[in-house]
Structure formats: structure tokens, C-alpha cells
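To start, the structure itself, in C-alpha cells.
Where a number appears in this text, it was derived from the coordinates with a stated rule and is not lab data. Predicted, not measured: the structure shown is a model, and the values here were computed from it. As a convention, Cβ positions derive from the backbone with ideal geometry for all residues, glycine included, and neighbour counts pool all protein chains shown.
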Amino acid sequence: MIIWTGFILLILVLLGIDLGVLNKNPHNVTTKEALRWTGLWVSLSLLFSVFIYFAYTNNWLPQGSHVLTGKEAVITYLTGYLVEQSLSIDNIFVIAIIFSYFNIPQANQHRVLFWGILGAIIFRGLMIGVGAVLMESFTWIVYIFGIILLYAAYKMLKSGTHESIHPENNPTIKLVKRFFPVTTKFHGDHFFIKEGKLWVATPLFIALMVVETTDIMFAFDSIPAIFAITTDPFIVFTSNIFAILGLRSLYFVLAAFIDKFEYLKYSLVAILAFVGIKMLVSHQLHLPDWLSLAFIVFALTVGVVLSMLKENKTKME
């Protein structure tokens, strides 16, 4: 319990630093600045694997029936982190469309992402808790999760461009308008303003709600994916949270030129299909954790390299 409390306090401190430093004064986040923050979040995520090693080597956490060594725990944590980070790339596509649709000023985008991801941390924590209970209580649930992942891979493979997504059709917008009057004008970085005796929602708040519900939809794919790697609740939670924490800065790094990575979509399809199949055969065949990590790295590398080769070829023509 002390370890869990300590981790949650660490996340709150990191979020406080983020809000107090990066978002203290709304501004346009440059690619250089976003790269520095992305490097910081990735470094913290990797550094946490050192803690994972000692925590599992010294049995600081209850592990249930399947006991992990320090080395196994680190490989499992890194694999889970990489899976979640990979799947968040598709989320970035959609967030970019949401910001474009609502014409969110670049200076206010980080504020929306910050509060959106804070909500995502809370919701995913609840989902992970429910998922852990289901995995422990019903062994057959692993097949349901496997089918969900294979369907998600099929859906991603068959989907067209992300321009087919229509934020205006999100039911969240209609729900917000039922409870609050909504203004079409921006008022700095405020989510609400007071007009007379009424509190009025700004487009910034509407965009925040759409980002929140979009992340919930993505969580239905990513949470089963992490359970395909491990059912250890601490590793599931920490790897997921660190991946989410880096999403904001990663968005500002990738959003401007993410369309250039044309083949990355197929890498994500391959990863979803792999972890889905792994879940379906988990009771008959145990695949080593290092193999999962190697496959994920290989799939991402191939997608990036092929995309860059095609981009260079297009420029030459």
C-alpha cells in the first residue's frame, strides 16, 4: 500500500510541476520545447524501471500466484509502456482533428491536454482496477479481451483517413449543451465564463469534453492490450500512466508531421493483432516477455523506416 501511495503522490507532484512550469503562462509550444519535455518524460519512465527492478527483486509488492523476478518485471514494464505509447500515437491523430475542428489556439492546446489527461488517468485507473478483478475472477475473460484487440486491429486496418471522424457528432457536445449555455467565442484559457448570473461554457471546455470521451474509447483498446502483456496490477497501472503523461509533449512533437508516417498505422495494426493472438493462446502457449518486446520494437521500426523511405522517394520525384 505504501508503494501505491508513493507512486500516486509522485504522479501528482509531476503533474503539479507540469502545470506550474510548462502551462504557467499559455504560449505556443515549439517543437524544440516539446522535444525536451518528451525526453524528460521518457527518461523518467525508463528511470522508473530501475525502481521496478529493486521492488520486484526484494518483493516489496504482493504478486499473487505468478511471481516475477526483477529482470522479468523490468522487461514486462518496458513492454507494457511501449505498447501503450505506441497505441497513443493513433490517439494523437484524433486529438489533432478535434483541435482543428474547434479552432483551438495553439497556446491553449496544452491546457486542454493537461486536464484531459488528468481525467484519463482517473478513468484508466478505474478501468485497470475492474480489468484486474475480471482477469483474476474469470479466466475466460482473456478470450474476450483477445477478440476485442483483434477487432480493434481489423477496424484500424479498414478505416480510412482520420478526416472521416466528425467531432460535431460526439454526443458529449449535446450533453454539455443540456446543462450549460455555450458561447462560440474564446475567452483566453477559461473553460467557463460568467455572463450575468449564468456560467457559460467556452469552446475550450467543449473540446476538453470531446478529448476526454475520445480517450475513453481508445482506452477500451489499450487496457486489454496491456493485460495481454501482464496481469500484475502495479505494472499495468504504472506503465499505462507513464505513457499517458508523455502524451501531451508527444502531441506537439508529432502533430505537425505525423501524416508523413504513412506506414505507422500498419505497425499499430500488427501490434494489436499480436497482443490479441497472444491473449487467445495464453492458456495453451506462453510466449516469453522478451519476444513481445522484440516484436513491438521491430513493428514500430519497420513502420517508421518504410514511411521515411517513401517520404524521401516522394520528395525526389
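Please turn the phi angles of the range 286-301 into ³J(HN,Hα) values with the Karplus equation 6.51 cos²θ - 1.76 cosθ + 1.60 (θ = phi - 60°), one per residue in order, whole Hz, x for glycine and proline.
Using θ = phi - 60°, the values come out as 9, 8, x, 4, 5, 5, 4, 4, 5, 5, 5, 4, 4, 4, 5, 4 Hz.
Name the aspartates and glutamates eligible as straight-distance cross-link partners of Lys158: C-alpha to C-alpha under 20 Å, and not fewer than 8 places from it in the same chain.
Leaving aside aspartates and glutamates fewer than 8 places away in the same chain, those within reach of Lys158 are Asp90, Asp221, Asp259, Glu262.
May I ask for the longest run of the chain untouched by chymotrypsin sites (Phe, Trp or Tyr not before Pro) that are loop-located per DSSP and have at most 11 neighbouring C-beta atoms (other than their own) within 10 Å?
With a cap of 11 other Cβ atoms within 10 Å, the longest stretch comes to 1-137.
What does the charge count near Met127 come to, summing +1 for each Lys or Arg and -1 for each Asp or Glu among other residues with Cβ under 13 Å from its Cβ?
Result for the neighbourhood of Met127: -2.
With the contact rule set at Cα under 8 Å and sequence spacing of 6 or more, what percent relative contact order holds for the range 220-317?
39 percent
With only alpha-carbon pairs counted, each pair once and no self-pairs, how large is the Kirkwood hydrodynamic radius of the range 186-238 in angstroms?
13.8 Å
State the label only: which of (i) 21.0, 70; (ii) 18.4, 56; (iii) 20.2, 66 corresponds to Rg and Dmax of the Cα atoms in Å computed from the shown model?
(iii)
Please list, in order along the range 239-245, the HN-Hα scalar couplings obtained from phi with the Karplus expression 6.51 cos²θ - 1.76 cosθ + 1.60 (θ = phi - 60°), rounded to whole Hz, x for Gly and Pro.
With coefficients 6.51, -1.76 and 1.60, one gets 5, 5, 5, 5, 5, 5, 4 Hz.
What is the dipole size for the chain, taken about its Cα centre, with +1 at each Lys and Arg Cβ and -1 at each Asp and Glu Cβ, in debye to the nearest 20?
With Lys and Arg at +1 and Asp and Glu at -1, about 600 debye.
Output ³J(HN,Hα) for the range 69-82: one whole-Hz value per residue in order, computed from phi by the Karplus curve 6.51 cos²θ - 1.76 cosθ + 1.60 with θ = phi - 60°, and x for Gly and Pro.
Whole-Hz 3J(HN,Hα) from phi for the range 69-82: 6, x, 5, 4, 5, 5, 4, 5, 4, 5, 5, x, 4, 5.
Longer than 20 Å from Cα to Cα, which of Lys174/Lys197; Lys155/Lys265; Lys32/Lys313; Lys71/Lys265; Lys155/Lys310 are they? Say none if no pair is.
Beyond 20 Å: Lys174/Lys197; Lys32/Lys313; Lys71/Lys265; Lys155/Lys310.
Near the amide H of Phe180, under 5 Å away, which other amide H atoms are found, from residues 5 or more places off or on another chain, if H is placed in the peptide plane?
Amide H to amide H, under 5 Å and 5 or more residues apart or across chains, Phe180 pairs with nothing.
In the chain, once you exclude exposed trypsin sites (Lys or Arg not before Pro) (DSSP loop, at most 13 other Cβ within 10 angstrom), what's the longest stretch remaining?
No qualifying site falls inside 25-184, the longest such stretch.
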